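Chemist: Have a look at the structure that comes next, please.
The values are calculated or read from the model by the stated rules, or taken from the named source; none is laboratory data. For clarity, every value in this text was computed on a predicted model and none was experimentally measured. No Cβ is skipped: glycine too gets one built from the backbone with ideal geometry, and neighbour counts run over all protein chains shown.
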């Protein structure tokens with residue numbers, strides 16, 4: 001297959017832990033040809049969605065944690081996305097208007113016959129924070145609003161809450177407000193931009209000390225191990241980007257219950273790869289843009305997540 005990865009700049013990758021690189025390496029190992037571009041290199045000309053892409057050859061070693069030149073690139077070529085057997089949208093958030101515009105272009109390419117994963121309309125329609133509302137049986141008490149009084153009342157009811165923006169990633173902008181309500185007003189004002197932006201409040205889940213678990217769903221099936229991202233020191237956030245410690249663990253009975261309920265619904269919508277976040281018994285986020293944690297699970301357990309992904313990709317392409 002000819003596979004196009006739409007991603008962040010390749011020279012920003014840390015290949016010892018990058019999930020997109022793990023996908024590339026497994027695909028290349030099987031003899032597939034790897035191409036890459038960034039979202040800004042997508043264009044629409046004469047009714048055809050094109051991209052300026054480059055074929056790449058992998059030359060690095062993921063076992064080396066030092067910066068390295070890990071790819072060799074060929075000259076850029078411009079052509080329609082339909083010339084690729086599979087197009088993988090792996091651009092990291094922020095989910096801004098440029099990201100939305102990219103999904104519109106990919107929609108058009110899909111209508112012309114391109115096979116895009118995850119499906120662009122499904123990415124666009126799934127807010128990674130709000131998507132949990134579709135599965136209320138797995139969600140801790142949650143309020144989404146920009147009404148200051150309702151947010152204050154939610155805290156008064158639950159006494160210990162998490163407040164966060166709807167468009168954050170990597171733990172950005174997450175605050176815990178305990179029973180003393182210290183700085184509650186200031187935090188609400190800051191996150192909601194004085195009532196101009198909608199935010200999320202959730203009852204604090206004390207099991208965060210055991211980790212914020214990432215459960216990967218691939219082709220409608222769960223990877224058998226999660227990555228529990230455990231907060232360090234006085235930090236309340238377990239995200240790896242916020243300094244959390246990643247520990248791979250077999251899926252619990254509750255993890256499997258959540259995964260088996262959610263996976264077929266999302267797979268049917270064209271979401272080949274999904275990253276569920278859960279704390280304790282509760283589902284907290286459904287990540288569909290560029291889910292990660294492949295390498296950590298692979299290194300700690302020996303389970304080949306990248307092979308499972310490429311298997312699912314090959315099956316989806318047909």
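Chemist: Output the residues belonging to region 26-40 that are farther than 20 Å from residue 77 by Cα and buried (at least 19 other Cβ atoms within 10 Å of the Cβ).
Modeler: Those that are farther than 20 Å from residue 77 by Cα and buried (at least 19 other Cβ atoms within 10 Å of the Cβ): 26, 27.
Chemist: Oh, and also: Within region 176-199, take every residue that is buried (at least 19 other Cβ atoms within 10 Å of the Cβ) and closer than 30 Å to residue 259 by Cα and give me the one that is farthest from the chain's Cα centre (by Cα).
Modeler: This residue is 177.
Chemist: Checking the structure you have, find out if any residue of region 288-300 is modelled with pLDDT of 95 or more and over 18 Å from the mean Cα position of the chain (by Cα).
Modeler: yes
Chemist: Here is a follow-up. Residues of region 61-105 being under 17 Å from the mean Cα position of the chain (by Cα) and outside any helix (DSSP H, G or I), which ones?
Modeler: Matches in region 61-105: 87, 88, 89, 90, 91, 92, 93, 94, 95, 96.
Chemist: For residue 34, only one of the following conditions fails: (1) touching a residue at least 24 places away in the same chain (Cβ under 8 Å); (2) not in a strand (DSSP E or B). What is its number?
Modeler: Status for residue 34: all satisfied but (2).
Chemist: Surrounded by 17 or more Cβ atoms within 10 Å (Cβ to Cβ), touching a strand residue (DSSP E or B) at 6+ places or on another chain (Cβ under 6 Å) and not assigned by TED's automatic domain parsing to the domain that holds residue 219: does that describe residue 72?
Modeler: Details: surrounded by 17 or more Cβ atoms within 10 Å (Cβ to Cβ): no; touching a strand residue (DSSP E or B) at 6+ places or on another chain (Cβ under 6 Å): yes; not assigned by TED's automatic domain parsing to the domain that holds residue 219: yes.
Taking the combined requirement at face value, the residue does not satisfy it.
Chemist: So, in region 142-188, exactly how many residues are in contact with a helix residue (DSSP H, G or I) (Cβ under 6 Å, 6 or more places away or on another chain), under 25 Å from residue 244 (Cβ atoms) and in a loop (DSSP other than H, G, I, E, B)?
Modeler: Selection size over region 142-188: 2.
Chemist: Six or more apart or on different chains, Cβ under 7 Å: which pairs go from a residue in region 270-298 that's under 17 Å from residue 308 (Cβ atoms) and in the same structural domain as residue 25 (by TED's automatic domain parsing) to one that's at pLDDT below 95 and surrounded by 22 or more Cβ atoms within 10 Å (Cβ to Cβ)? Could you list them?
Modeler: Pairs found: none.
Chemist: I'd like to check which strands (runs of 3 or more DSSP E) are fully inside region 200-302 and have at least 3 residues that are surrounded by fewer than 20 Cβ atoms within 10 Å (Cβ to Cβ).
Modeler: Numbers: elements: 212-218, 225-230, 245-250, 273-279, 282-287.
Here the list reads 245-250.
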